[in-house]
Amino acid sequence: MKELVWEKECRRGSRGKDVRRVQEWLSLSGFGIVPDGDYGAATEFAVRQFQKARGITVDGVVGEQTFGRLTAPMAAALESLPPSGNLGEMVVSYARHHLEQGPREIGGQNRGPWVRLYMKGHEGAEWPWCAGFACFVLEQACKTLRAPLPIRPSFSCDSLAASAKERGLFQAGRNLDPADLKPGMFFLSRRTATDWTHVGIVVEPGGEVFSSIEGNTNDEGSREGYEVCLRVRGVKGMDFIGI
């Protein structure tokens, strides 16, 4: 995975994308640094603090060991889980696995290593990543169970709905029997009958509500948030994709 590839040593005076990536991970680790690609005094200080906190050699230089510690949350999220249950249950297991690592944006709207992971290298204001997150988790689950993808992965909520309709997996919320809502299904936040604005993963159905894990949201449930969250949502206003 490109985001985890250590390319070269970074130290005071270094510049460029490798430095920016180090700064992003320092900020994600709680050492707030502006990701400007310039390895100055503040970055060196943050690296030393990170190294001290992790019990590794404190030299202010980011070599392979320090970079590995910085990126450990993503490496953990990419670990394969043991096969268990059906596809929907496996999707939920992977979603929880990612949630535990605290994926969130850093450096601006829809930016940072987690966004690039879910969006295949893309980032920026024009790349909302809720669908990218859901599809990434689905692909991990399918690979683990050696199962075919039930829908075509996409960064677009509308495209996911279209693929589900083609394959007979789309379920309009207004016609949904609550008993048909299962863990691992995708929910689609409906704006109109042909337009959906947000997607996430159903974790636990509960009649008129369900808990979910979703990307690019926040505590307020925004469809343009900044992290992966566990939320509770109402069935009303939603459509669903069977998994």
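See the values below:
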{"read-out": "Segment 144-243, accessible surface, carbon-and-sulfur percent (1.4 angstrom probe)", "value": "48"}
{"read-out": "Overall form of segment 119-163 per C-alpha gyration tensor (a/c, 1.5; a/b vs b/c)", "value": "oblate"}
{"read-out": "Accessible surface of residue 194 - all protein chains present, 1.4 Å probe, nearest 10 Å²", "value": "110"}
{"read-out": "Net charge of neighbours whose Cβ lies under 15 Å from the Cβ of residue 142, counting Lys and Arg as +1 and Asp and Glu as -1", "value": "+2"}
{"read-out": "Coil-residue GluC sites (Glu not before Pro) of segment 117-149, DSSP, other Cβ within 10 Å capped at 15", "value": "126"}
{"read-out": "Semi-axis lengths, Å, the chain, gyration tensor of Cα atoms, sqrt of 5 times eigenvalues", "value": "37, 17, 15"}
{"read-out": "Restricting segment 1-46 to GluC sites (Glu not before Pro) in coil, as DSSP defines it, with at most 13 other Cβ within 10 Å", "value": "7, 9"}
{"read-out": "Difference of contour (0.36 nm per residue) and Cα-Cα distance, residue 42 to residue 64", "value": "5.9 nm"}
{"read-out": "Local electrostatic count, residue 40, Cβ distance below 10 Å [Lys/Arg +1, Asp/Glu -1]", "value": "-1"}
{"read-out": "Solvent-accessible area per residue, Å², over segment 1-149 with all protein chains present [probe radius 1.4 Å]", "value": "47"}
{"read-out": "Segment 77-110 versus segment 191-243: alpha-carbon centroid distance in Å", "value": "16"}
{"read-out": "Per-residue SASA entry for residue 167, accessible area with 1.4 Å probe, Å² rounded to 10", "value": "110"}
{"read-out": "Ordering of 45-51, 29-35 by burial proxy (mean other Cβ atoms within 10 Å per residue, highest first)", "value": "45-51, 29-35"}
{"read-out": "Segment 87-215, relative contact order in percent, only Cα pairs under 8 angstrom and at least six apart counted", "value": "25"}
{"read-out": "Net charge contributed by nearby residues that have their C-beta within less than 10 Å of residue 13 (K/R +1, D/E -1)", "value": "+1"}
{"read-out": "Rel. contact order, % - alpha carbon contacts under 8 angstrom, at least six apart, segment 1-142", "value": "21"}
{"read-out": "Relative contact order %, the chain, counting alpha carbon pairs below 8 Å whose residues are six or more apart", "value": "16"}
{"read-out": "Per-pair calculated FRET efficiency, R0 = 51 Å: residue 12 and residue 175 via Cβ, rounded to 0.05", "value": "0.25"}
{"read-out": "Descending principal axes extents, segment 56-178, alpha-carbon based, whole Å", "value": "61, 36, 24"}
{"read-out": "Accessible surface, 1.4 Å probe, highest first, among residues 189, 163", "value": "189, 163"}
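The values are calculated or read from the model by the stated rules, or taken from the named source; none is laboratory data. Given the structure is predicted, the values throughout are model-derived calculations rather than measurements. Note: ideal-geometry Cβ built from the backbone for every residue, glycine included; neighbour counts use all protein chains shown. We work out accessible area using only protein heavy atoms, side chains counted, and drop any ligands, DNA or RNA first. Shrake-Rupley method; radii C 1.70, N 1.55, O 1.52, S 1.80 Å.
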